[in-house]
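All remarks here apply to the structure that follows.
Just so you know, all these numbers are worked out from the coordinates, no wet-lab data involved. This is a predicted model, so every value here is computed, not measured. Virtual Cβ from ideal backbone geometry, glycine too; neighbours counted across all protein chains shown.
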Amino acid sequence: MSARSLDIGIAGAGVAGLAAAALLARAGHQITVYDQFPAPAPVGSGLMIQPVGLAVLGQLGLAEEMIALASPITRLLGRTEPRGRAVLDVRYPRGYRGLAVQRGALFDLLYRTAVQTGARVVPGTRVSGTEEQGGKIALLTNSGALGPFDLALDCLGPRSALCPVAAADLAFGALWGLVDWPEDGPFDDGHLAQRYRAASVMAGVLPVGRARPRTPRKATFFWSLRMADHAAWLARPLDDWKAEVLELWPDCACLLDRIRDHRDLTFARYAHRTLGRPVSGRLAHLGDSYHATSPQLGQGANMALLDAMALAVAVEQCADVETTLARYAALRRWHVRIYQAASWLFTPAYQSDSRALPIFRDWVMAPLGRIPPVPSILAMLVGGKIGGPLVGMGLEWPAPRDGW
């Protein structure tokens, strides 16, 4: 397949879609990316690039730029209130870090690279279906069919119209806001910090670096919220909500001062779905279209990058579409299943109305997390390493860095 150029249509200009576009266009394939928005743009405020995601960015030549913009994270630290007891404490191994980044920074790097490598991005186009046409596949919109293409990629996210299985909405989402990083404290700029009351109340602060060189550093503040309560939150006076946050975590006052309107926060809805087989005919599902979940393990963008890399490797290694898609599915099968299962298990301990799970988290999971070799296993889990995600892709785990 690598000996000839394929015509590939991609629905969705998120992390998975743009990364796949850049990797495939660089390999000489004809790539068209369709996005529903008038101008493609990132959705959300901050995310974590784990070492496994950095390996893929390295293949795109973007690792050093991403590191320069990011805030290196050494520790994930969550405390339960009112006792202040640490119930989540994960430290990266020496020489490794997570990279907390603004979603816009990652989007800009991927978008620029996709366009520079020859991908064509078509905005204002909502893809709602597919259709086989003469041995190829067309993408369907309200105004007609696009293509046909040799191969189509579904990168439309958790509520993709192209996915054969609907995602199950989770009860809790979160409010997210991007604010200036308080340079004079009180937060550690190497930590993802969280506070909990049982599992139904959670707040978090994540330093997310710079959008571009020499711009101010930012932080992402997030607050767990039931999906059913979002409308009531919008109708509630903002100061009443701020008082609730400060009761849980007084240090957040310097961040809340920067939030002056409900519109300064974006409500993210989460869903869970894992496709047993991420391919059908000439269509492959990538990113949240393939494996939607909550953000508790910080793997969403990394999984999307790995999907894009696996698809590009499969295209390079295989001689026809059928074997290409089978190879893609095989490369991602076990890593996806492991992390989806881990997310399904962990999420209710941090976002749910359960009374029993927070007790189990605080008095069983937390103590176990301090007994070797569990801390090392947790670090590997957070770093994205469990399940051998790079096996078969020709990538190596990033080397440790001095000074980290």
Peptides 154-167, 258-271 ordered by average Cβ neighbours within 10 Å, highest first: 154-167, 258-271
Cα convex hull volume per residue for the chain, in Å³, equals 138 Å³
Taking 0.36 nm per residue of sequence separation and subtracting the Cα-Cα distance, how much length would be gained by fully extending the chain between Glu316 and Trp397, in nm to one decimal? 27.1 nm
Counting pairs of alpha carbon atoms under 8 Å apart in space and at least six apart in sequence, what relative contact order in percent does region 33-94 give? 18 percent
So, over other residues within a Cβ distance under 14 Å of Leu395, counting Lys, Arg +1 and Asp, Glu -1, the net charge is -1
Would you kindly state how much longer the chain becomes between Thr141 and Ala39 on full extension, computed as 0.36 nm times their sequence separation minus their alpha carbon distance, in nm to one decimal? 35.0 nm
Given H placed 1.01 Å from N in the peptide plane, which residues other than close sequence neighbours of Ala100 have an amide H under 5 Å from its amide H? Ile49, Ser71, Ile73
Give me the dipole magnitude in Debye, nearest 20, for the chain about the Cα centre, with unit charges on the beta carbon: positive for Lys and Arg, negative for Asp and Glu. 520 debye
Using the alpha carbon gyration tensor of region 1-71, what are the three equivalent-ellipsoid semi-axes (square root of 5 times each eigenvalue), largest first, in whole Å? 24, 18, 8
After finding the eigenvalues of the alpha carbon gyration tensor for region 265-404, what semi-axes result from the square roots of 5 times each, listed largest first in whole Å? 31, 20, 13
On the formula 1/(1 + (r/R0)^6), with r taken between the Cβ atoms of Trp363 and Ala330 and R0 of 35 Å, the FRET efficiency rounded to 0.05 is 0.30
Sum up the charges of everything whose Cβ sits under 12 Å from the Cβ of Pro148, counting Lys and Arg as +1 and Asp and Glu as -1, but leave Pro148 out. -2
How much length is gained on full extension from Phe267 to Arg83, taking 0.36 nm per residue of separation minus their Cα-Cα distance? 63.4 nm
From DSSP H assignment alone, runs of 4+ in the chain each adding -39500 (n - 2.57), the sum over residues rounded to the nearest 500 puts [θ] at 222 nm at -9500 deg cm²/dmol
Mean-square fluctuation maximum in Gaussian network of the chain, Cα pairs under 10 Å, restricted to Ala171, Ala20, Ala314, hits Ala171
Find the centroid of the Cα atoms in region 292-312 and in region 187-249, then give the distance between the two in whole Å. 23 Å
Please report the relative contact order for region 298-359, taking Cα pairs under 8 Å with a sequence separation of at least 6, and give it as a percent rounded to a whole number. 22 percent
Sum up the charges of everything whose Cβ sits under 14 Å from the Cβ of Glu316, counting Lys and Arg as +1 and Asp and Glu as -1, but leave Glu316 out. +2
List the aspartates and glutamates whose Cα lies under 17 Å from the Cα of Lys136, skipping any in the same chain that are fewer than 8 positions away. Asp7, Asp150, Asp154, Asp320, Glu322
Which value, in nm² and rounded to one decimal, describes the direction-averaged projected area of the C-alpha convex hull of region 351-404? 6.1 nm²
Dividing the mean separation of Cα pairs under 8 Å (6+ apart) by the residue count of the chain yields a relative contact order in percent of 23 percent
Kirkwood estimate for region 49-198, i.e. one over the average of 1/r between Cα atoms, Å: 19.6 Å
In nm, to one decimal, how far is the modelled label at Ser128 from the one at Val374, with both set 7 Å along Cα→Cβ? 5.1 nm
What whole-number volume per residue, in cubic angstrom, does the convex hull of the C-alpha atoms of region 165-214 give? 145 Å³
Of the residues Val87, Pro72, Thr113, the Cα lying farthest along the dipole of region 63-116 towards its positive end, which is defined by charges on the beta carbon of Lys, Arg, Asp and Glu, belongs to Val87
Report Rg/Rh for region 137-176, rounded to two decimals, where Rg is the Cα radius of gyration and Rh the Kirkwood radius. 1.13
Sort 172-178, 79-85 by the packing proxy (mean of other Cβ within 10 Å over each peptide's residues), most packed first. 172-178, 79-85
Can you list the lysines whose alpha carbon is less than 26 Å from that of Lys242, not counting same-chain residues fewer than 8 positions off? Lys218
So how many Å³ per residue does the convex hull of the Cα atoms of region 75-136 work out to? 272 Å³
Among all stretches of the chain without exposed GluC sites (Glu not before Pro) (DSSP loop, at most 12 other Cβ atoms within 10 Å), which one is longest? 184-395
